[in-house]
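**Student:** Okay, handing you the structure first.
Just so it is clear, none of the values below were taken in a lab; they were calculated from the coordinates. Note that this is a predicted model, so its numbers are computed, not measured. As a convention, Cβ positions derive from the backbone with ideal geometry for all residues, glycine included, and neighbour counts pool all protein chains shown.
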Amino acid sequence: MVESQPSKLLVASSILVSRSSLRPSPTLPLAYNLLMVQFKNLLLAAGLGAAMLLAQDKKAAAKAAAPAAAAAAKKAELLDINSASKSDLEALKGIGPKYAEAIIKGRPYKGKDELVSKKIVPEATYNAVKDLIIAKQGAKK
């Protein structure tokens, strides 16, 4: 079983506190011994609190990073209509061999919406694939 970082911190802090010199002593007054036990408990609670804060911070950071990572992954998966092969285009819903060939012949595109404005594909087909494609521009010379 893999332990999380906060639980390792808690174990480490409890070991540290339990091995410390804050043990009751038979030669010291009872009030002093009680004070040391309370201080030991306070240190243990502080270690537990720090572990809980660490866990919350990591969860919050993971939640914040998840949408950004998903958006980056989605953008990376877009099919470039200016460089895609015929078989890549045919894999899109609603794009068959005829539309794939027409897309290739109509290159280059400044924007993906030119598929409709140049009457390469019908608007219904474009609406089905517009979130899956992009028209990247080549490097300027």
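**Student:** Between ILE133 and residues 5 or more places away or on another chain, which pairs have amide H atoms under 5 Å apart, with H built 1.01 Å from N, and which residues are they?
**Tutor:** LEU79
**Student:** Give me the dipole magnitude in Debye, nearest 20, for segment 79-134 about the Cα centre, with unit charges on the beta carbon: positive for Lys and Arg, negative for Asp and Glu.
**Tutor:** It comes to approximately 180 debye.
**Student:** Percent of Cα-Cα pairs more than 19 Å apart in segment 79-134, please.
**Tutor:** 8
**Student:** Now, a different point. Taking only C-alpha pairs under 8 Å that are 6+ residues apart, what is the relative contact order of segment 79-134 in percent?
**Tutor:** That works out to 41 percent.
**Student:** Now a separate question. Would you please give the residues with an amide H less than 5 Å from that of ASN82, counting only those at least 5 places away or on a separate chain, with H modeled from the backbone geometry?
**Tutor:** LYS136
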